[in-house]
Amino acid sequence: MKISKLAVDIGHNVQFDGGAVGIRSENELNYEVGTKLIEKCRAAGLTVINCTPSSATSLYDSLNQRVQAANSNNSDFFISIHHNLCTGGHGSEILCIPGGRAEGIAKIILPEISKLGFTNRGVKAGNDLFVLKNTNMSAILIECAFCDSPVDMNNYNPETMAEAIFKGICKAFEINASEHCSPSEQTNYYTVVKGDTLSSIAKSYGTTISKLVQRNNIKDANLIVIGQKVRVN
Ligand SMILES: [Zn+2]
């Protein structure tokens with residue numbers, strides 16, 4: 001399953017469409033996770049349509065602008081970022097219109113979020129949600145965590161949440177993002193052989209000399225020795 005154009009909707013964040021307010025504000029969390037997710041996807045080569053409107057005249061207008069942005073740009077997939085509110089609840093869930101491609105993708109992304117320690121509340125039907133119902137492409141709405149739950153909000157980190165969603169997207173859409181995955185999982189070393197230069201190694205691994213110098217604490221970029229292990233990502 002491949003995509004080239006992803007629509008990302010940062011939930012609420014405009015007049016007439018305010019988010020929930022718990023221990024933290026949903027607007028703020030959606031914005032932080034959403035912008036980080038957009039950055040990661042763009043860095044991985046995806047075209048990302050940010051569907052979040054800058055202003056709205058009503059709740060309908062806010063939701064409709066999001067849908068129109070995704071539809072008019074012919075996006076391949078739509079992801080809306082939200083945080084839940086319900087006294088006593090905690091964990092993550094993904095809403096979609098069941099039975100199609102969206103459900104399959106939701107089931108790949110949600111376990112990535114639970115790996116961070118959030119309770120997996122499951123993939124649920126969201127047939128009545130405006131943005132899911134009216135987008136032309138497969139669409140999901142992620143309730144990342146509960147903004148009023150001490151369990152979820154204690155040490156909540158938008159960066160790791162965005163990274164988990166991004167990893168799920170990479171898995172679902174077969175995007176090779178080794179450059180962007182956590183080093184512990186994806187670190188690769190190259191052993192220097194005769195004739196190598198930092199420049200030739202950089203070229204064959206699609207990186208730059210300065211990145212190699214930085215990753216390996218190399219003092220002199222012109223001096224590498226045969227047998228030396230060079231971290232290439
Ligand atoms: Zn919301």
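Miscellaneous remarks
- The lone exception for residue 225 - which of (1) modelled with pLDDT of 95 or more; (2) surrounded by fewer than 16 Cβ atoms within 10 Å (Cβ to Cβ); (3) not basic (Lys, Arg) it fails: (1)
- Some residue of the stretch 184-191 being among the polar types (S, T, N, Q), within 19 Å of the chain's Cα centre (by Cα) and within 30 Å of residue 89 (Cα to Cα): no
This table checks each residue for (1) part of a loop (DSSP other than H, G, I, E, B); (2) at pLDDT 95 or above; (3) within 28 Å of residue 4 (Cβ to Cβ); (4) in the same structural domain as residue 28 (by TED's automatic domain parsing).
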| residue | (1), (2), (3), (4) |
| --- | --- |
| 86 | yes, no, no, yes |
| 93 | no, yes, yes, yes |
| 104 | no, yes, yes, yes |
| 118 | yes, yes, no, yes |
| 133 | no, yes, yes, yes |
| 140 | no, yes, yes, yes |
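- Any hit, the stretch 13-28, residues being of a type in the set (A, V, I, L, M, F, W, C) and open to solvent by less than 10 Å² (accessible area, probe 1.4 Å): no
- Any hit, the stretch 68-79, residues being within 16 Å of the ligand (Cβ to nearest atom), at pLDDT 95 or above and either farther than 16 Å from residue 10 by Cβ or aromatic (Phe, Trp, Tyr) (or both): yes
- Filter result for residue 145 (modelled with pLDDT of 95 or more and open to solvent by less than 40 Å² (accessible area, probe 1.4 Å)): yes
- Scan of the stretch 4-23 for residues that are within 13 Å of the ligand (Cβ to nearest atom), among the β-branched types (Val, Ile, Thr) and either closer than 20 Å to residue 134 by Cα or under 13 Å from the mean Cα position of the chain (by Cα) (or both), ordered by number: 10, 14
- Per-region count, the stretch 78-88, residues out of contact with any helix residue (DSSP H, G or I) (no Cβ under 7 Å at 6 or more places or on another chain) and open to solvent by less than 10 Å² (accessible area, probe 1.4 Å): 1
- The C-beta contact set for the stretch 28-47 (first residue more than 15 Å from the ligand (Cβ to nearest atom), second residue open to solvent by 60 Å² or more (accessible area, probe 1.4 Å) and assigned to a loop (DSSP other than H, G, I, E, B), distance under 7 angstrom, 6+ apart or interchain) comprises 46/4; 47/4.
- Criterion violated by residue 62 - all others in (1) closer than 23 Å to residue 92 by Cα; (2) within 12 Å of the ligand (Cβ to nearest atom); (3) of a type in the set (Ser, Thr, Tyr) satisfied: (1)
- Of all residues in the stretch 24-60, exactly one satisfies the criterion of being more than 18 Å from residue 6 (Cβ to Cβ), charged (D, E, K, R) and under 15 Å from the mean Cα position of the chain (by Cα), namely 32.
- The requirement of being within 16 Å of the ligand (Cβ to nearest atom) and either touching a strand residue (DSSP E or B) at 6+ places or on another chain (Cβ under 6 Å) or at pLDDT below 95 (or both) is satisfied by residue 82.
- Boolean, residue 38 is crowded, with 19+ Cβ neighbours inside 10 Å, out of contact with any Lys or Arg (no Cβ under 9 Å at 6 or more places or on another chain), under 17 Å from residue 145 (Cβ atoms) and modelled with pLDDT of 95 or more: no
- When 100, 91 are checked against the criterion of being open to solvent by less than 60 Å² (accessible area, probe 1.4 Å) and more than 16 Å from the ligand (Cβ to nearest atom), a single residue qualifies: 100.
The values are calculated or read from the model by the stated rules, or taken from the named source; none is laboratory data. Predicted model only: the values in this text are computed from it and were never measured. Quick reminder, even Gly has a Cβ in these numbers, built from the backbone with ideal geometry, and neighbours come from all protein chains shown. Each accessible area value is taken on the protein alone, full model and side chains, heavy atoms only, with ligands, DNA and RNA left out. Shrake-Rupley method; radii C 1.70, N 1.55, O 1.52, S 1.80 Å.
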